Amino acid sequence: MAERIIIAVWTDKMLKKLGELFFVFFKIGICTFGGGIAMLPILERELAQKRGWTNSDELLDYFAIGQSTPGIIAVNVATFIGYKRAKTLGGVVATMGIVCPSLIIITVIAKFISNFSDIAWVQRALKGINVAVAALLTYAVINFAKKSVKSALGVALFLLSFVLIFVFKVSTIWIIVGSCVFGVILAAVRGNFKRQPVQAAQSAESSVLPEASVQSAESSLQDRESAK
């Protein structure tokens, strides 16, 4: 009986959490233009500042991982946040939420774009949208650089990557791979891979929570039976 109560409560909370994940990322997907880096400000506002699901540093890490892995950055970030909130199912729901607006809008536009793409005012509107998106990207990149490049080593790596890409035309894939390898080596040298005692204590505490919930539910049932 106690286990049924716990399962029912857990299911209700999980459904609410999944619904919130879907609608939050659906709103982000439908209100954001430019994609990728341009979504960083609204993601930071909605996820870090407004809801506290993550913080600015962790969000930047998600962006870095999303940039280094196949797929769209915003979709990868949604998957990370969803997984953090509700494991695999949360990752799937959050991904669906952020993809659905684009899927719906692009499907509608694709149906009519061949009919009015040659109209003069439509072409001017598209040019204006391109300029606005360029401004959004510039703003997002500047903010991203301010939060990411915080040391002399970071500045050196930033300048080196810039020179390799724009002067020597090195593929961005090799820049990303080289930066990942450099970061891993640097973290290993500094000993950042050692697990912190606080994290171990938190994981141990989280493993006790289900047992404590069962005991609490059982004691509540016993009190009700004794009252009868």
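The values are calculated or read from the model by the stated rules, or taken from the named source; none is laboratory data. From a predicted model like this one, the values you see are computed outputs, not experimental measurements. Here Cβ is always computed from backbone atoms with ideal geometry, including for glycine, and neighbour counts include all displayed protein chains. Surface accessibility is based on the protein's heavy atoms, side chains included, excluding ligands, DNA and RNA. Shrake-Rupley method; radii C 1.70, N 1.55, O 1.52, S 1.80 Å.
Quick check on region 30-43: of everything there that is more than 19 Å from P70 (Cα to Cα) and open to solvent by 10 Å² or more (accessible area, probe 1.4 Å), which residue is modelled with the highest pLDDT?
Here the residue is I30.
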Single residue of region 10-29 satisfying the filter (open to solvent by 70 Å² or more (accessible area, probe 1.4 Å) and among the hydrophobic types (A, V, I, L, M, F, W, C)) that is modelled with the lowest pLDDT: W10
Region 145-179: number of residues that are in contact (Cβ under 8 Å) with a residue 40 or more places away in the chain and among the aromatic types (F, W, Y): 0
Evaluation of D61 against (1) in a helix (DSSP H, G or I); (2) open to solvent by less than 20 Å² (accessible area, probe 1.4 Å) (one fails), failing number: (2)
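Tell me, which helices (runs of 4 or more DSSP H) wholly within region 71-173 include 3 or more residues that are within 20 Å of L40 (Cα to Cα) and open to solvent by 70 Å² or more (accessible area, probe 1.4 Å)?
Values: elements: 73-116, 120-148, 152-166.
In region 71-173, the matching helices (runs of 4 or more DSSP H) lie at 73-116, 120-148.
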Among (1) modelled with pLDDT of 80 or more; (2) part of a helix (DSSP H, G or I), the one test that V208 misses: (1)
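Within the bounds of region 162-184, is there any residue that is farther than 24 Å from N55 by Cα and at pLDDT below 85?
Pass one, region 162-184, residues farther than 24 Å from N55 by Cα: 162-175, 177-178, 181-182.
Adding the requirement that they be at pLDDT below 85 leaves none.
No; the residues of region 162-184 include none that is farther than 24 Å from N55 by Cα and at pLDDT below 85.
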